[in-house]
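J.: After the structure tokens below, expect a handful of questions from me.
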Amino acid sequence: MKYIYFLPAAAAVFWGIISSITITSYLQKRGIKINWFLYRIKIFQYINDYKRMTIEETGSPGFWYYSFTISMAAALFFTLCGLFLYRAFH
């Protein structure tokens, strides 16, 4: 029972990975070079580039920006809840 929060955390991380892949695909189609060697370090720069580009094009940040942000916040929340419950009942 105490591990129940880790499953939604893993699902949120998985959705965040899907969102980041979609964001980098969007940027590549618009001519932004993606540095795959430093991808994990530069992903936040790519997210900000995506936000800036979609605001310029449509007037609001794109769906995938919100998707990435909410999924990472959810992953953090569920992980912290799971760790708290694990420490409280272990």
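The values are calculated or read from the model by the stated rules, or taken from the named source; none is laboratory data. If you're wondering where the values come from, they're calculated on a predicted model, not measured in any experiment. As a convention, Cβ positions derive from the backbone with ideal geometry for all residues, glycine included, and neighbour counts pool all protein chains shown.
J.: Would you call Tyr50 touching a residue at least 40 places away in the same chain (Cβ under 8 Å) and among the aromatic types (Phe, Trp, Tyr)?
T.: no
J.: Right, next: Checking Thr58 against (1) under 14 Å from the mean Cα position of the chain (by Cα); (2) β-branched (Val, Ile, Thr); (3) modelled with pLDDT under 95: exactly one of these is not met. Which one?
T.: Only one criterion in (1) under 14 Å from the mean Cα position of the chain (by Cα); (2) β-branched (Val, Ile, Thr); (3) modelled with pLDDT under 95 is unmet by Thr58, namely (1).
J.: Name the pairs: first residue in segment 68-90 and at negative phi, second residue at pLDDT below 90 and of a type in the set (Lys, Arg), Cβ to Cβ under 6 Å, at least 6 apart or on different chains?
T.: Going by the 6 Å Cβ cut-off, the qualifying pairs are Leu85/Lys2; Tyr86/Lys2; Phe89/Lys2.
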